[in-house]
Every structure is written in C-alpha cells, then in structure tokens.
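The values are calculated or read from the model by the stated rules, or taken from the named source; none is laboratory data. These numbers come from a predicted model, not from an experiment. No Cβ is skipped: glycine too gets one built from the backbone with ideal geometry, and neighbour counts run over all protein chains shown. Calculation scope for accessible area: heavy atoms of the full protein, side chains included, ligands and nucleic acids excluded. Shrake-Rupley method; radii C 1.70, N 1.55, O 1.52, S 1.80 Å.
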2 protein chains.
Amino acid sequence: MPNASSTPDAAPASPRAATLHDVARSAGVSLITASRALGNPDLVSEKTIAKVRQAVEATGYIPNLLAGGLKSRRSMTVAALVPAISVAQFLPTVQTLTETLAAAGYQLILGQSGYDHAREEALVNTLASRRPDGIVFAGLVHSPKAREQLRRLGTPVVEIWDLSERPVDMMVGFSHLKVGAAVAGYFLAKGWQQVGIATGDDQRASVRREGFLSVIGREVPTVVVPAPSSLALGRRALGELLQKSPGVRAIYCSSDQLAQGVLTEAAVRGLRVPQDLAVCGFGDADFAAHMAPSLTTVQVDGPAIGRQAAELLLARCRGETPAQPVIDVGFCIVERESTGGA
Amino acid sequence: MPNASSTPDAAPASPRAATLHDVARSAGVSLITASRALGNPDLVSEKTIAKVRQAVEATGYIPNLLAGGLKSRRSMTVAALVPAISVAQFLPTVQTLTETLAAAGYQLILGQSGYDHAREEALVNTLASRRPDGIVFAGLVHSPKAREQLRRLGTPVVEIWDLSERPVDMMVGFSHLKVGAAVAGYFLAKGWQQVGIATGDDQRASVRREGFLSVIGREVPTVVVPAPSSLALGRRALGELLQKSPGVRAIYCSSDQLAQGVLTEAAVRGLRVPQDLAVCGFGDADFAAHMAPSLTTVQVDGPAIGRQAAELLLARCRGETPAQPVIDVGFCIVERESTGGA
DNA sequence: CTGTTAGCGCATTCAC
DNA sequence: GTGAATGCGCTAACAG
C-alpha cells in the first residue's frame with residue numbers, strides 16, 4: 001500500500017484558482033487580448049496566441065464560464081427535463097442530445113419532472129435561474145402558467161416525444177394517437193378481434209390507448225399499471241387481462257418492458273406466441289429484436305429526436321430561425337415473431 | 001385548430017428579464033434588502049419581506065444564480081460523469097443523486113466520459129469551467145494528470161461504483177475484485193468446476209473477472225463482448241462459449257443484460273437452467289427477479305451509492321469534514337432459480 | 001491587431 | 001433592521 005487511503009498524494013491545493021488576469025500578466029499582454037486569444041483567435045496574431053497558450057499552461061488556468069456568461073448572456077448550457085432519468089425510453093434521446101450539444105460546447109443540466117404537472121411551474125423557475133440557452137422538455141408542457149413563463153423567458157424551448165397544435169416554441173416528436181391507431185389497424189388486418197391493452201398510467205400512453213380504441217371502435221379490456229413500467233408489471237398485467245378476458249387473442253403494451261413481462265408470463269402459462277397470443281410493444285428497446293420470440297413493436301427514432309432537438313436549439317442560439325419549428329419524426333411498426341412476423 | 005402551429009398565443013416576450021434591481025425599486029427598498037429578503041429572510045422584517053415578495057410577483061423576477069454564484073463562489077451545481085447515459089447500471093444511482101441534490105437546491109450537470117481514459121483530462125477541464133461545487137465520477141479517475149487537476153481545483157470529488165487505495169478525495173463503492181471472488185466461491189461451493197465467463201470489455205468488469213480467476217485458480221473460458229453489453233451480445237456470447245467449452249456448467253456474466261441473453265439463448269438451444277447450465281449475472285436489474293427462470297445475480301445498492309455520494313458532497317459544501325471519506329457499500333449474491341435457488 | 005473603459009447581476013464586506 | 005460601496009471574472013463596446 002503505497003499510500004494511506006485517507007491521505008492523497010502531494011496536493012499543493014490552490015490558494016485561489018488562476019484567473020484570466022493572471023494569464024494576461026504572465027503572458028505580458030492585456031486582459032482582453034488574453035480573452036480573445038482563447039475565445040476569438042482570429043482577432044489575435046499567432047505569436048500572441050502562442051504566448052497566451054503558454055501562460056495558460058504555466059498558470060493552470062481554467063476559464064470561468066459563469067463569469068463569461070454573465071457578460072455575454074450565453075451560459076453555454078441547455079436544460080433538459082425528463083420525467084425520470086430511469087425511464088429507459090428517453091435514454092437514447094438524452095444520450096444523443098448530450099453528445100450533439102457537447103460537440104458544440106454546450107453542457108446539459110438535467111432535471112427530473114416526475115409525472116406531476118403541478119410541479120412544472122416550480123421546475124421551470126428552478127431551471128430558468130440557471131439561465132440556460134435552451135430548454136428541452138420531454139413531453140408537452142401542460143401547466144398554462146409554466147407555458148406562459150417559458151414564453152416570457154425568451155429562451156428557445158423544444159418539446160420532444162410528442163406533438164400538439166400548440167407548441168410553446170419548437171417541437172420534435174410524433175403522434176401518439178396515430179401510434180395507437182396504427183397498432184389497432186395492424187391487429188384488425190391480422191383478423192384479431194379479441195384484443196386487450198396493458199398500459200402504464202402516463203399521459204402519452206393514455207393517448208396511444210385512445211388512438212387504439214378509436215380504430216377498434218369500442219372499449220377493450222385494459223389493465224393499467226403504475227409508471228415506470230417493468231417486466232414484473234407486465235407479468236402481472238397478463239394475469240389480470242386473462243381474468244378479465246380469457247379469450248384475449250392479441251395484446252398491445254405501452255412499452256417493450258411491459259411486453260417482455262407479458263411474453264414471460266405467457267411462456268410460464270404455456271401459451272404459445274403468436275399462435276395462442278400475439279403481443280405488440282412500444283419503443284423498440286434494444287432487447288426487442290433479440291428475445292425469443294422476438295417482439296413486434298412500434299419503433300421510434302429516439303436518437304434522431306435528440307439530434308434534431310439539439311440542432312433546433314443550436315440554430316436558434318446562432319440567431320437563425322428554423323424553417324420547420326415542428327418536426328414529426330414519425331414511427332413504424334416492426335413486425336417480428338410475437339405477431340407472426342419473421 | 002384554435003391556433004396555427006407556428007404562431008404561439010400571445011407572447012409579450014421580455015425585452016430584458018427583471019433583475020433584483022427592478023424588484024428592489026418596485027418594492028421601494030434597497031438592492032441588498034431585496035437580496036436578503038429572498039436569501040436570508042431572518043435578517044429582514046416581516047413587512048419588508050412581504051413587500052419584496054409582492055414585487056417579485058409583479059416583476060416576474062427569476063434569480064440569476066450565475067451572477068449570485070460569481071460573488072458567493074457557490075454555483076449550486078454538481079457535475080456528474082458517467083461513461084454513457086444509456087448504461088442502465090448507473091441509472092438508479094444517478095436518479096437518487098439528482099433527487100438528493102435537488103432537495104438541497106443543487107442541480108446536476110451531466111457529462112459523458114465514454115470508456116476512454118485519455119479523454120478524462122479534457123472532460124475535467126470542461127466541467128471545471130462551470131465551477132461546480134462538487135464532482136461525481138462514475139468509476140475511478142485513472143489519468144494521473146486528471147487526478148492532479150482535480151486536486152488543484154479544491155472541489156470536493158466523489159468517485160463512485162468502485163474502491164481503491166488512492167482516492168482522489170472521497171469514495172463510495174465496493175470491491176469488484178471481491179465480487180468476482182464471491183461468485184467464483186459460490187460456483188465452487190455448488191460443485192461446478194466447468195465454469196465460464198461472459199464479460200463486457202470495460203475496466204470494472206475486467207477486475208471482477210480477475211477476482212473470479214483468483215479463486216478458481218486457473219484460466220477459464222471467457223468471451224469478451226464490447227460495451228455496452230446487451231441481450232443480443234449475451235446470446236452471441238453463449239454461442240461462442242459453447243464452442244470453446246461445450247461442457248460448460250456455470251457461467252458468470254458481467255451484467256444482467258448479458259445474463260438475460262445467455263438465458264434466452266439457452267432456452268432456444270433447449271438447455272435446461274439450472275439443470276444443464278447455471279447462470280449468474282451482475283447488478284440485480286429490475287427484471288432479474290421476475291424472469292423465468294429468475295436470475296441469480298450480484299446485488300449492489302445503486303440508490304444508496306447515489307444518496308451517500310450526495311451526502312458526502314453536501315457535507316463538504318457545508319464546510320464539514322466527513323469522518324468516513326471512503327465508504328464501502330458492499331454487495332451480496334441473490335440466489336434465484338438460474339442457479340437452483342428458490 | 002491591441003488596449004481602455006464599462007459593466008453583466010448579485011452578495012459580501014462594512015457602515016448606520 | 002437597513003443601506004452604500006465594492007468587486008466576483010469575464011467580455012462587449014468602442015477606441016487607438
């Protein structure tokens with residue numbers, strides 16, 4: 001053991017972090033020249049830049065973006081609000097969002113909104129106090145007061161993973177109503193009349209259910225489970241659905257996690273998929289294509305949503321006005337073994 | 001359609017956001033009194049507070065934490081670095097971390113480190129430029145230069161999900177070496193000699209493998225798959241493992257996702273679990289307990305890691321010196337059906 | 001190409 | 001209890 005665990009090796013510890021002032025002095029130039037050498041190199045001679053670079057090394061200078069942002073009014077941050085970080089659904093989107101923004105020098109501030117509309121207002125305030133250059137909202141902003149606040153801020157806002165007639169500002173998503181309708185149409189085309197639904201109790205899942213019902217044309221046996229949905233809840237849901245409707249032939253699940261649970265429970269009960277029971281999920285999670293049987297599901301391009309949301313924001317930050325402030329990324333049904341596909 | 005999609009309803013749009021100055025004027029008090037009424041109400045009379053509160057409402061004032069932090073040297077942010085947001089492993093930890101910090105008024109800034117040690121340095125710089133009040137690092141900081149930089153910053157740092165003899169500052173984690181050893185011991189106790197490993201190619205998984213080997217006392221057939229691991233990779237891994245070692249009796253997987261794939265592939269091949277093949281995962285993901293057969297796995301208390309990391313940081317921010325800067329949260333093997341458990 | 005001057009919005013000294 | 005001055009670290013205007 002080369003070192004006691006509580007005593008880190010030599011740590012000179014900064015009495016005070018170096019400022020741009022220190023760099024300028026060390027380089028023998030003025031403060032603003034140092035600033036430009038780092039931020040606007042085009043305006044400074046090669047030689048000066050080299051001197052400043054050296055001074056940065058020597059002093060161990062790390063810029064203070066808080067101070068810079070105060071004057072320039074650009075914090076170089078974007079705030080993102082998701083219902084909960086552990087909702088797997090949004091992960092690829094958040095990942096791509098983070099990467100695309102990072103490539104442009106922007107950092108993500110993460111907030112959890114819960115599924116509680118009442119908290120939206122407080123959250124908007126909390127985030128706004130960081131003066132982000134953009135705000136990404138997973139889902140629609142429902143609270144009228146929050147919507148009003150967001151507009152007053154003048155900060156670019158992108159609502160994602162949904163569409164509506166009244167965006168706060170910009171939008172990248174798809175129609176959940178159409179998703180439900182499409183799945184119902186797909187079931188009917190297969191000739192399955194005895195259909196059922198296993199759904200999480202969140203807003204968007206409910207809209208998908210509505211779309212489903214609108215095509216079926218009547219109520220259908222439904223089991224609602226609390227968010228976040230999971231394999232365990234899917235197993236329970238199938239059990240309850242079979243009680244309500246023993247002859248159910250095809251089930252639409254509001255997430256692939258639920259669908260995975262339904263398939264698991266079906267296997268345990270000796271139901272053959274798709275001969276006895278067909279199942280369709282939502283989200284095309286990474287496991288969907290590789291389960292046995294593989295899972296038919298609604299595929300949404302999560303990374304594309306993240307990338308396009310980032311690009312809309314970045315365009316706005318550059319002062320541009322995007323031609324298309326509302327983008328429908330669409331969706332498609334990927335047919336696999338759980339509904340008799342390849 | 002009550003409103004064209006590109007024309008949001010009435011938006012007065014702020015010419016400039018209200019500042020504390022505006023609030024003070026509107027309330028008929030001085031700037032500093034307004035500041036205190038909001039931040040240190042104890043120092044101000046009830047009546048004044050009421051006036052200021054009203055002025056805040058009237059002006060729509062939202063504090064600018066960037067400006068406040070510049071002077072007070074507290075940004076009220078914590079930076080968190082994870083290899084990738086989509087690594088399910090860290091999600092419960094990040095979630096709890098976010099919540100615990102939010103409850104104390106701190107916001108999380110999220111960064112992705114990738115699995116690339118070379119990038120650590122650049123990342124530390126990027127983060128440090130936001131002047132966070134604390135930094136959470138998923139995994140150990142390996143690059144010596146990054147370690148040195150972190151120390152110089154003087155910012156509290158917590159390395160999580162691992163333990164070592166030489167923390168940069170504080171630590172909350174467990175021994176991956178011991179995890180591997182424990183699983184190997186468990187397999188041997190069951191009498192399984194023909195063992196194999198399916199592992200992701202990340203640092204911590206490799207250490208667990210080392211621990212496993214140290215107890216087994218010899219090399220064992222191993223399949224390494226690229227991170228991030230998934231069900232699909234688990235299926236492939238079992239195929240390859242069966243080629244290398246047709247008689248393999250028990251497999252240790254570096255994640256539950258991989259294990260799920262191994263179980264799927266085993267079912268497809270008609271292998272009975274646990275009679276023909278036993279499987280142990282790592283992480284106790286939410287699905288592990290509910291699969292059929294249920295998955296034996298190594299359970300780690302992810303939320304506890306997040307909570308304790310947050311508390312260490314918050315204590316430091318209050319100026320306290322935690323008695324225990326290195327916390328071992330331990331782990332345990334949860335025996336389920338995939339190894340013959342209940 | 002470089003420098004001087006003035007703040008960004010707030011909180012920390014001090015005074016009263 | 002309240003207030004006036006001062007500056008956190010940096011950058012946007014203008015000048016030279």
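The table below lists the values:
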{"item": "Where B:V29 falls short, out of the listed (1) within 15 Å of DNA strand C (Cβ to nearest atom); (2) aliphatic (A, V, I, L, M); (3) closer than 26 Å to B:A310 by Cβ", "result": "(3)"}
{"item": "Filter result (of a type outside the set (V, I, T), surrounded by 14 or more Cβ atoms within 10 Å (Cβ to Cβ) and free of Cβ contacts under 8 Å to residues at least 40 places away in the same chain) within region A:41-62", "result": "A:P41, A:K51, A:R53, A:A55"}
{"item": "Matching residues, region A:332-342, being buried (at least 20 other Cβ atoms within 10 Å of the Cβ) and not in a helix (DSSP H, G or I)", "result": "A:R336"}
{"item": "Residue check for B:C317: within 23 Å of the chain's Cα centre (by Cα) and at pLDDT below 95", "result": "yes"}
{"item": "Residue identified as within 28 Å of B:P63 (Cα to Cα) and either at pLDDT below 95 or of a type in the set (D, E) (or both) among B:E99, B:E159, B:E120, B:E148", "result": "B:E99"}
{"item": "Hits in region A:36-50 - residues which are near DNA strand C (Cβ under 9 Å from one of its atoms) and not small (G, A, S)", "result": "A:R36, A:N40, A:D42, A:L43, A:V44, A:E46, A:K47, A:T48, A:I49"}
{"item": "Matching option when the condition is within 24 Å of A:F282 (Cβ to Cβ) and modelled with pLDDT of 90 or more, among A:V168, A:V179", "result": "A:V179"}
{"item": "Test: residue in region B:279-300 that is open to solvent by 20 Å² or more (accessible area, probe 1.4 Å), over 25 Å from A:A292 (Cα atoms) and not small (G, A, S)", "result": "yes"}
{"item": "Of the criteria (1) of a type outside the set (A, V, I, L, M, F, W, C); (2) under 28 Å from A:D116 (Cβ atoms); (3) surrounded by 19 or more Cβ atoms within 10 Å (Cβ to Cβ), which one A:P274 fails", "result": "(2)"}
{"item": "Residues satisfying the stated conditions in region B:77-94, i.e. in contact with a Gly (Cβ under 9 Å, 6 or more places away or on another chain) and more than 8 Å from chain A (Cβ to nearest Cβ)", "result": "B:V78, B:A79, B:A80, B:L81, B:V82, B:P83, B:Q89, B:F90, B:T93"}
{"item": "Residue that is most open to solvent (accessible area, probe 1.4 Å), among those in region A:25-38 that are under 18 Å from A:S72 (Cβ atoms) and in contact (Cβ under 8 Å) with a residue 12 or more places away in the chain", "result": "A:L38"}
{"item": "Members of region A:47-71 found to be among the small types (G, A, S) and either touching a helix residue (DSSP H, G or I) at 6+ places or on another chain (Cβ under 7 Å) or away from chain B (no Cβ under 11 Å) (or both), listed by number", "result": "A:A50, A:A55, A:A58, A:G60, A:A67, A:G69"}
{"item": "Given (1) within 39 Å of the chain's Cα centre (by Cα); (2) open to solvent by 50 Å² or more (accessible area, probe 1.4 Å); (3) more than 8 Å from DNA strand C (Cβ to nearest atom); (4) at pLDDT 85 or above, number of the condition A:R16 does not satisfy", "result": "(4)"}
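Table: residues versus (1) surrounded by 22 or more Cβ atoms within 10 Å (Cβ to Cβ); (2) touching a residue at least 24 places away in the same chain (Cβ under 8 Å); (3) in the same structural domain as B:Q260 (by TED's automatic domain parsing).
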position	(1), (2), (3)
B:V168	yes, yes, no
B:W192	no, yes, yes
B:I197	yes, yes, yes
B:V224	no, yes, yes
